[in-house]
1. Conditions: (1) touching a Lys or Arg at 6+ places or on another chain (Cβ under 8 Å); (2) at pLDDT 95 or above; (3) closer than 19 Å to Arg20 by Cβ. Glu189 meets all but one. Number of the miss?
2. Between Gln73, Gln86, which is modelled with pLDDT of 95 or more, assigned to a helix (DSSP H, G or I) and either under 18 Å from Gly55 (Cβ atoms) or in contact with a Lys or Arg (Cβ under 7 Å, 6 or more places away or on another chain) (or both)?
3. Return the total of residues in the range 82-129 being surrounded by fewer than 21 Cβ atoms within 10 Å (Cβ to Cβ), within 15 Å of the chain's Cα centre (by Cα) and among the basic types (Lys, Arg).
4. Go through the range 162-178 and give me each residue that's within 17 Å of Ser203 (Cα to Cα) and in a loop (DSSP other than H, G, I, E, B).
5. Give me the pairs, please: first residue somewhere in the range 40-67 and on the phi > 0 side of the Ramachandran plot, second residue anywhere and at pLDDT 95 or above and surrounded by 10 or more Cβ atoms within 10 Å (Cβ to Cβ), beta-carbon distance under 8 Å, and either six or more positions apart or on two chains.
6. Within the group Val51, Val24, which residue is at pLDDT 95 or above and over 20 Å from Val197 (Cβ atoms)?
7. Mind checking which pairs have a first residue in the range 9-23 that is more than 11 Å from Leu128 (Cβ to Cβ) and free of Cβ contacts under 8 Å to residues at least 40 places away in the same chain and a second that is surrounded by 12 or more Cβ atoms within 10 Å (Cβ to Cβ) and among the acidic types (Asp, Glu), Cβ under 9 Å, 6 or more apart or different chains?
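The values are calculated or read from the model by the stated rules, or taken from the named source; none is laboratory data. In this text the structure is predicted, and so the values were computed from the model without any measurement. So basically every Cβ, Gly included, is an ideal-geometry build from the backbone, and we count neighbours across all protein chains shown.
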Amino acid sequence: MMLALAQAIDLRAAASAFARDGHVRLQPFLAEDAAIACLAEMKRRADWVQVVNSGDKVFELSRSSRAAMTPEQRDGLEQAVLAGAQTGFQYRYEALRLPDGNAPPPGGNSVIAGWPAFLSGGAVRDVLRTITGADDIAFADGQATAYAPGDFLTGHDDAVPGKQRRAAYVFSLNPVWRVEWGGLLLFHEDGHGVRGVAPAFNSLDIFAVPQMHSVSMVTGSVPNRRYSITGWLRAAA
């Protein structure tokens, strides 16, 4: 299965929305069969790792290692994650690392492994440059993410010195999602204002960096994980 763009993306309207709002959603973004193949692979993969931070330190836990934890260990981790979210930057979700777009995708039958290279190549990169107005975008990086009940990402602006991030993106792969299930991509405005979008299927949200944003906690009523591919559109170092 090859990744391919959906037809009839309105570049002029998308560029206008991005310039006005610092955010635009493209839906559909991929040809439908490619989006279906991406979701199918993410659902069948068993090599997800849970990523969780403690301050500046990042920990990765496989599903098997979490299954081997005692109830006391799981509760201790839960309490530490919630405590970290009270006053600082905190996150917890599952991830699959993908190669940067300036590196060739690995062999095998993975569709999503080729995602960063797809965004970084020729015509697709030109589309992203046109929408963002950033003509120096050289490549994309990315990771597949899966948010289970209780997972979240607190507010941050993606501005990291030296990373040359021109825009961030979230490619959403959720055929059915209710707003009240959480997992919303939220943009923080001055004061207590907030605007955001719910997970969808085959939609690409592109937003300017820096921009304060977060992902709200996924509720316990959700019947499946919140699947997406996320990353940044970056200029050369």
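1. Among (1) touching a Lys or Arg at 6+ places or on another chain (Cβ under 8 Å); (2) at pLDDT 95 or above; (3) closer than 19 Å to Arg20 by Cβ, Glu189 violates only (2).
2. Criteria check complete, one pass: Gln86.
3. Looking only at that region, the number is 1.
4. Asn174, Pro175, Val176, Trp177, Arg178
5. Qualifying pairs under 8 Å: Gly55/Gly84.
6. Val51
7. As it stands, the answer is none, since no pair meets every condition given.
Matching residues to (1) surrounded by 21 or more Cβ atoms within 10 Å (Cβ to Cβ); (2) over 16 Å from Asp151 (Cβ atoms):
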{"position": "Leu173", "(1), (2)": "yes, no"}
{"position": "Val176", "(1), (2)": "no, yes"}
{"position": "Trp181", "(1), (2)": "yes, no"}
{"position": "Val194", "(1), (2)": "no, yes"}
{"position": "Ala200", "(1), (2)": "no, yes"}
{"position": "Leu204", "(1), (2)": "yes, yes"}
{"position": "Ser216", "(1), (2)": "no, no"}
{"position": "Gly220", "(1), (2)": "no, no"}
{"position": "Asn224", "(1), (2)": "no, no"}
